[in-house]
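Trainee: Okay, here's the structure, questions in a sec.
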Amino acid sequence: MLHLVNTALLERVDYFFRAITPQDKVCIIHDTDPDGICSAVIVAKGIERLRGRTIELHLPIDKKNYGITKGMLAQLRKKKITKLITCDFSPEQYLKGLRAAAKNRDVLVIDHHKIYADTDKLPALFYKPQLFMEGKAQQYCTAKLAYDALSRVVDVSDLDWMAVSASIADIATAPWMDWIRLVYRKYDLVLTDNLFETALGEVATIISSVEVYDTLLCGKSFRTMYDAKLYQDVLGAPLVRYKHIIDKEIGKHVQLFERKKETHGELLLYKLTSRYRIHSVLSTILGLDHPHNTIVIINTSKPFISVSARRNDCKLGVNTLLENATKGFQGSNAGGHIPAAGGGFPRKYLNTFKKRVIAVHKRGNI
């Protein structure tokens, strides 16, 4: 269960949104997965309703860096951004970029990932569930955070289906099932045990498939969700063709996993080659199939190796597992939640990474 312990933070978040004026220049930097896309759209539409005009800029994160990059800073300066909102990543993990972004502009961080620094000492307002709730932060996804915050200052009730889709994508539904049932009833939808097989789960899968196919297409996901009046608009959008392609690729590797995985105690490790970024979706599927195992998927198709990990029973933190396994790797990144995390590193570290993952997992206490 989640329990509210810091109402003052929520009041500060509400004030941040109410204080945005028509004269402000607003930018949202967001992740490209369903939670990142949905949270950014909810924030963008909420701000538009509050001040009567659209935001000036939205930027997807760079999957190799995850922080606020020099290129992003240049665009913030060019557009003369005065209000910056980040969604679904931890900018405090890369302090240089965050501090540079906070010069001459107000920054709000909306996120449910691990906290990597003392937020009280940073030049931004942090809206993370760990800072105002007791309970499992990973079960309060960013889109739900955004939806709850905007709901307190403007009517965004027509966007509830987006927040539900993101919650399904992030396996973050457990604390919110009463609310989710109401949303399904509102739209006369059938609710099943496997939420991914429902209409709103299908929305999540479509957005995820676009990211898996090519992150450069995520602008289309943002626009599709932004223009959608109802979930049916997404189900009938041209983006669906990417889902068909990715479903076929994932099905192939689900079968290959069972034949070619390496087993090291409770650790199940699978190395694959795919032109698509299927490692995250694949690890989610396999994590549901093997909830009491640690799943680590390594995509070796590019010079920059991508990794995804899952542990659905939360017996150990896969975010810490990947952080420890990539520690000291130049040009690497790793992070996420206790049950779900990702990362990447240059190919030259592949053998070292694999040895470290096995060793760190064997030691436990993470």
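Trainee: Which whole-number percent gives the relative contact order of the stretch 3-238, counting Cα pairs below 8 Å spaced six or more residues apart?
Mentor: Taking the mean separation of contacting Cα pairs over the length of the stretch 3-238, I get 22 percent.
Trainee: For the stretch 252-299, which trypsin sites (Lys or Arg not before Pro) pass both filters: DSSP loop (anything but H, G, I, E, B) and at most 16 other C-beta atoms within 10 Å?
Mentor: Filter output for the stretch 252-299: Arg275.
Trainee: Assign one of three labels to the stretch 38-143, namely rounded, prolate or oblate, based on the Cα gyration tensor with a ≥ b ≥ c the square roots of its eigenvalues; rounded applies when a/c is under 1.5, prolate when it is not and a/b is larger than b/c, and oblate otherwise.
Mentor: The shape class here is oblate.
Trainee: So for the stretch 168-236, what are the equivalent ellipsoid semi-axes in whole Å, largest first, each being the square root of 5 times an eigenvalue of the Cα gyration tensor?
Mentor: They are 23, 14, 10 Å, listed from largest to smallest.
Trainee: Relative contact order for the stretch 88-191 using alpha-carbon pairs under 8 Å, separation at least 6, rounded to a whole percent?
Mentor: Dividing the mean separation by the residue count of the stretch 88-191 yields 20 percent.
Trainee: Moving on. Cα gyration tensor of the stretch 89-232, axes a ≥ b ≥ c as square roots of the eigenvalues: rounded (a/c below 1.5), prolate (a/b > b/c) or oblate?
Mentor: prolate
Trainee: Turning to a different aspect of this structure: If one computes the Cα centroid of the stretch 233-265 and of the stretch 285-352, what distance in Å separates the two points?
Mentor: The two parts, judged by their Cα centres, are 18 Å apart.
Trainee: Need one number: % antiparallel among DSSP beta bridges in the chain, to the nearest 5.
Mentor: 50 percent
Trainee: Please find, in a Gaussian network model of the chain (springs between Cα atoms separated by less than 10 Å), the residue of Val254, Val234, Val203 whose mean-square fluctuation is greatest.
Mentor: Of Val254, Val234, Val203, the most mobile in the Gaussian network model is Val254.
Trainee: Shape verdict for the stretch 4-50, please, from the Cα gyration tensor: rounded (a/c under 1.5), prolate (a/b greater than b/c) or oblate.
Mentor: Because a/c hits 1.5 or more and a/b fails to exceed b/c, the stretch 4-50 counts as oblate.
Trainee: Sequence gap at least 6, Cα distance under 8 Å: using those rules, report the relative contact order of the stretch 42-143 to the nearest whole percent.
Mentor: Relative contact order for the stretch 42-143 comes out at 21 percent.
Trainee: 5 Å is the cut-off here: which amide hydrogens, built 1.01 Å from N in the peptide plane, fall below it relative to Phe126, excluding neighbours closer than 5 in sequence?
Mentor: The answer is Val109.
Trainee: Highest GNM mean-square fluctuation, the chain, Cα pairs closer than 10 Å: which of Leu321, Leu150, Leu235?
Mentor: Highest fluctuation among the options: Leu235.
Trainee: So, one more: List the lysines whose Cα lies under 20 Å from the Cα of Lys348, skipping any in the same chain that are fewer than 8 positions away.
Mentor: Correct list for Lys348: Lys63, Lys64, Lys271, Lys302, Lys327.
Trainee: Here's a follow-up. For a quick check of your reading of the filter: which trypsin sites (Lys or Arg not before Pro) in the stretch 86-161 sit in a DSSP loop and have no more than 14 other Cβ atoms within 10 Å?
Mentor: Listed in order of number, the matching sites are Lys103, Arg152.
Trainee: Scan (i) 1.00; (ii) 1.05; (iii) 0.94 for the value of Rg/Rh (Cα atoms, Kirkwood Rh) calculated from this model and give just the label.
Mentor: Only one option fits the structure, namely (iii).
Trainee: Next up: Mind sorting His292, His30 by how few other Cβ atoms lie within 10 Å of their own Cβ, fewest first?
Mentor: In order of increasing Cβ crowding within 10 Å: His292, His30.
Trainee: Output wanted: per-residue J couplings in Hz (rounded whole) for the stretch 336-346, from phi through Karplus 6.51 cos²θ - 1.76 cosθ + 1.60, θ = phi - 60°, x for Gly and Pro.
Mentor: Result, ordered by residue: x, 10, 4, x, 8, 8, x, x, x, 6, x Hz.
Every number here is computed from the coordinates shown, using simple stated rules; none is lab data. Note that the structure is predicted; figures quoted are calculated from it, not measured. Cβ sites come from the backbone with ideal geometry, for glycine too, and all protein chains shown count toward neighbours.
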